Amino acid sequence: FLAGVFLLILCVGLGDIVGMIPIAALVAVMFFVAIVTFDWHSIAPATVKRMPWTETLVMVVTVAVVVATHNLAFGVIVGVIVSMVLFA
């Protein structure tokens, strides 16, 4: 909650200054946050071997669709549909 409020104040109050930050720097921060917050244990080979094959299939199909289409929303929709078919 506090991070959201801080971001709102930063963008509204200091929008002109924030606008001078290079996009490459913002991308680097986004990559760093994604790498640090990702649960790397969830894709370790030992963990994937213990997962049911249906869950692994949903994960692989979702990632493949996102990579192929460069569209996260479409990948999530396809993943939900595959999950509905497999788990219904």
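Listing for the model above:
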read-out	value
Residue identified as among the polar types (S, T, N, Q) and surrounded by fewer than 10 Cβ atoms within 10 Å (Cβ to Cβ) among Thr47, Thr54, Thr37	Thr37
Tabulated pairs, the stretch 46-57, first in the same structural domain as Met84 (by TED's automatic domain parsing) and within 19 Å of Gly79 (Cβ to Cβ), second among the polar types (S, T, N, Q) and at pLDDT 90 or above, C-beta under 9 angstrom, 6+ apart or interchain	Val48/Thr56; Thr54/Ser83; Glu55/Ser83
Filtered residues of the stretch 49-69 (kept if farther than 21 Å from Val85 by Cα and β-branched (Val, Ile, Thr))	Val67, Thr69
Unique residue being under 30 Å from Ala3 (Cα atoms) and part of a helix (DSSP H, G or I) when the list is Val80, Val65, Val60	Val80
So Ala88, is it exposed (fewer than 10 other Cβ atoms within 10 Å of the Cβ), more than 30 Å from Ala3 (Cβ to Cβ), outside the structural domain of Ala3 (by TED's automatic domain parsing) and out of contact with any Lys or Arg (no Cβ under 6 Å at 6 or more places or on another chain)	yes
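Yes/no matrix, rows are residues, columns are (1) more than 21 Å from the chain's Cα centre (by Cα); (2) without any contact (Cβ under 8 Å) to a residue 24 or more places away in the chain; (3) assigned to a helix (DSSP H, G or I):
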| position | (1), (2), (3) |
| --- | --- |
| Val5 | yes, yes, yes |
| Asp16 | yes, yes, yes |
| Ile21 | yes, yes, no |
| Ala25 | no, yes, yes |
| Val36 | no, yes, yes |
| Gly75 | no, yes, yes |
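The values are calculated or read from the model by the stated rules, or taken from the named source; none is laboratory data. The shown structure was predicted, so the numbers you read here are calculated from the model rather than taken from an experiment. Backbone-built Cβ (ideal geometry, glycine too); neighbour counts: all protein chains shown.
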